Amino acid sequence: MRRIKEYCGIFGIFNADNAAQHIYYGLHALQHRGQESAGIVTSTYDERKKRRVMPYHKDQGLVLDVFNDPRIFETKLLGRAGIGHNRYSTSGAADNRANIQPFVVHYRDGNLALGHNGNLSNARELRNSFSQRGTLFLTTSDSELILHLIAQSARRKQIDQILDALTQVEGAFSLVILTDDSLIAVRDPNGFRPLALGRLGDADRPGGPAYCVASETCAFDMIGAEYVRDIEPGEVLVINQKGCETGRFESYHLARHHGVSQCVFEYVYFSRPDSKIFGEMVDKVRRKIGKQLAHDAPVPKAPMHEKQPIVIAVPDSSNTATLGYVTECRKLGYRCRYEIGLIRNHYVGRTFISPGQNRREQKVRSKFNTVEGVLKDRIVVMVDDSIVRGTTAKFLVNMVREAGAKEVHFRVASPPVISPCFYGMDFPSAKELFANQFDDLEAMQKWLGVDSLAYLSEEGLMRAVRSANDGPHGYCNACFTAKYPVPVEMGVTKEENEW
Ligand code: SF4
């Protein structure tokens, strides 16, 4: 499944030599969470200005492209603390450079920078109220609202201003906030998006180790940091020099009105399998999901005179679930074998589409190719993590058929996606979703051009996730059920919500 884009990946570090370089590597590991733009801001003392400053560098493009000049790190992004952000933006806002995060402002209590992963569900309401008071906006992003709320808070202490602001926003927000003396990590009370705390360096180092926070722990592995724990849903963790030296940090908790609802789609598709999110390895949960799919929708029984069916993953996001699926199908007595029948090109970027070409088909063809020797004359079971619009799935099925597959069966390692996400994922509208365009499975099958189509059940998905991660918290699965854990303004498009 490749039609959904995640909004963002965030990373922050405090008390580290060359903080910006660590952030750069962290963002590189989180590149899958956003490819439109990247940015880093650090906090340092400017001898000439005799005050603390927050230099930043941000631009559209991938991390490697935005930070391709080493002088940025040597002369500009100085300091021992900083935050970084990878962004994927919706179509309406993609070209607005002002929306590239982190946002940096200077207000009465000093410098402030912010990186946000998520979507505020009361953004419109807040924006209207600010507009009526004459507030001028520099961006079309909901994240800017948080900075206005902090700057306009009547509280005296900075941490109280931040807490005051956070009690007024609703929806999904994992944040890294950089002040002149702290790095503050925040997870909304529902805990929609993941955020973890890591440590870099020895505890007995003078000044203490460095501490970092990241959307996913694969960013810690990249810089050699160790995972400490998750930022708890509703937690506001203040990382400062005193905390690094003592290992004890101030932690505040935002009031919870709706229960915890961590995004189950992070496990299904978004997060990397080598990451730990919501307290459990994605690899482990995804394998369980694949195993459950084997119970809900096993491979077809092939006659004994036929070669055993081969099971192929739609790479890369379905690889792990497919491994679990094949293992369990075999355990259940079904003849089948795991094969690599689709190859993904990782270096596609933005491909030029010549006039007259089917744009989407060309995109799929430049991203995937088939291995004919594997697929020819075989019963093929394709496993994908989800179907959103269905167009990519249809093209892939066609390619597998063209490679000579005798039968093509499609298995989906999640339930039908029936409702958009309002908590930080970019889904198409409800009417554009594949599952909403057909009356039954048979019609879907026919349109995709497959011999059979079967989904993981909602119960199966939740059973798999809970059996792999027996944590204390609940999950959001609203895109499969339309049961939204935090009220949303239905019918409001992302563009409208952005401004
Ligand atoms: S609606 Fe779906 S994608 Fe959005 S937070 Fe809930 S589970 Fe995740």
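The values are calculated or read from the model by the stated rules, or taken from the named source; none is laboratory data. Predicted model only: the values in this text are computed from it and were never measured. Glycine gets a Cβ as well: all are built from the backbone with ideal geometry, and neighbour counts include every protein chain shown.
Take the conditions among the β-branched types (Val, Ile, Thr) and either touching a strand residue (DSSP E or B) at 6+ places or on another chain (Cβ under 9 Å) or surrounded by fewer than 18 Cβ atoms within 10 Å (Cβ to Cβ) (or both) and apply them to ILE277. Does it pass? The answer is yes for ILE277. Yes or no: region 325-338 includes at least one residue that is within 20 Å of GLN31 (Cα to Cα), more than 16 Å from the ligand (Cβ to nearest atom), among the charged types (D, E, K, R) and modelled with pLDDT of 95 or more. No - not one qualifying residue is present in region 325-338. Against the definition (more than 16 Å from the ligand (Cβ to nearest atom), without any contact (Cβ under 8 Å) to a residue 40 or more places away in the chain, farther than 19 Å from ARG466 by Cα and among the aliphatic types (A, V, I, L, M)), how does MET304 come out, yes or no? Considered against the rule, which asks whether it is more than 16 Å from the ligand (Cβ to nearest atom), without any contact (Cβ under 8 Å) to a residue 40 or more places away in the chain, farther than 19 Å from ARG466 by Cα and among the aliphatic types (A, V, I, L, M), MET304 comes out as yes.
The residue of region 255-271 that is surrounded by the most Cβ atoms within 10 Å (Cβ to Cβ), among those that are under 11 Å from GLY191 (Cα atoms) and more than 9 Å from the ligand (Cβ to nearest atom), is VAL260. Just so you know, in region 154-175 the residues that are without any contact (Cβ under 8 Å) to a residue 40 or more places away in the chain and either in contact with a Phe, Trp or Tyr (Cβ under 8 Å, 6 or more places away or on another chain) or part of a helix (DSSP H, G or I) (or both) include one that is nearest to ASP142 (Cα to Cα), and it is ALA165. Given the condition of a type in the set (Gly, Ala, Ser), free of Cβ contacts under 8 Å to residues at least 24 places away in the same chain and crowded, with 16+ Cβ neighbours inside 10 Å, answer yes or no: does some residue in region 135-153 qualify? Taking every residue of region 135-153 in turn, at least one turns out to be of a type in the set (Gly, Ala, Ser), free of Cβ contacts under 8 Å to residues at least 24 places away in the same chain and crowded, with 16+ Cβ neighbours inside 10 Å. Scoring GLU432 on the criteria (1) among the acidic types (Asp, Glu); (2) farther than 23 Å from ASN319 by Cβ; (3) more than 16 Å from the ligand (Cβ to nearest atom) leaves a single failure, condition (3). Where helices (runs of 4 or more DSSP H) sit wholly within region 395-491, those with at least 3 residues that are within 23 Å of the chain's Cα centre (by Cα) occupy 458-468, 478-481. Annotation: TRP499 fulfils all but one of (1) within 16 Å of the ligand (Cβ to nearest atom); (2) farther than 22 Å from SER318 by Cα; (3) at pLDDT below 95; (4) hydrophobic (A, V, I, L, M, F, W, C); the unmet one is (1). Does VAL236 count as part of a strand (DSSP E or B), buried (at least 19 other Cβ atoms within 10 Å of the Cβ) and at pLDDT 95 or above? Yes, satisfied.
Residue-wise test of (1) in contact (Cβ under 8 Å) with a residue 12 or more places away in the chain; (2) within 16 Å of the ligand (Cβ to nearest atom); (3) surrounded by 22 or more Cβ atoms within 10 Å (Cβ to Cβ).
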residue: ALA405; (1), (2), (3): yes, no, yes
residue: ALA413; (1), (2), (3): yes, yes, yes
residue: GLY424; (1), (2), (3): yes, yes, yes
residue: TYR455; (1), (2), (3): yes, yes, yes
residue: GLU458; (1), (2), (3): yes, yes, no
residue: LEU461; (1), (2), (3): yes, yes, yes
residue: ARG466; (1), (2), (3): no, yes, no
residue: ASP470; (1), (2), (3): no, no, no
residue: ALA478; (1), (2), (3): yes, yes, yes
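Can you report the number of residues in region 176-194 which are more than 17 Å from MET425 (Cβ to Cβ), part of a strand (DSSP E or B) and not β-branched (Val, Ile, Thr)? Quick ask: steps written out before the conclusion?
From region 176-194, those more than 17 Å from MET425 (Cβ to Cβ) are 176-186, 189; that's our starting set.
Among the residues that remain, those that are also part of a strand (DSSP E or B) are: 176-178, 182-186.
Then keep just the ones that are not β-branched (Val, Ile, Thr); that gives 178, 182-183, 185.
Count: 4.
Looking at region 282-378, the helices (runs of 4 or more DSSP H) lying wholly inside it that each contain 3 or more residues that are of a type in the set (Val, Ile, Thr) sit at 282-296, 319-331. Do we have ASP296 as at pLDDT 95 or above and in contact with a Leu (Cβ under 6 Å, 6 or more places away or on another chain) here? Judged against the criteria, ASP296 is a match. Annotation note: Cβ proximity below 6 Å between a residue of region 428-446 that is acidic (Asp, Glu) and a residue that is at pLDDT below 95 and in a helix (DSSP H, G or I) (sequence gap 6+ or interchain) occurs for no pair.
Does ILE83 meet the test of being over 17 Å from ASP59 (Cβ atoms), crowded, with 21+ Cβ neighbours inside 10 Å and modelled with pLDDT of 95 or more? No; evaluated as a whole, the condition is false for this residue.
Checking the conditions here, which among ALA151, ALA113, ALA98 is among the hydrophobic types (A, V, I, L, M, F, W, C) and within 25 Å of ASP230 (Cβ to Cβ)?
Numbers: ALA151 fails: within 25 Å of ASP230 (Cβ to Cβ); ALA98 fails: within 25 Å of ASP230 (Cβ to Cβ).
Only one candidate qualifies: ALA113.
Restricting attention to region 218-251, the residues that are farther than 17 Å from ILE83 by Cβ and in contact (Cβ under 8 Å) with a residue 60 or more places away in the chain total 4. So, TYR211, is that one surrounded by fewer than 19 Cβ atoms within 10 Å (Cβ to Cβ), in contact with a Lys or Arg (Cβ under 7 Å, 6 or more places away or on another chain) and among the hydroxyl-bearing types (Ser, Thr, Tyr) or not? No.
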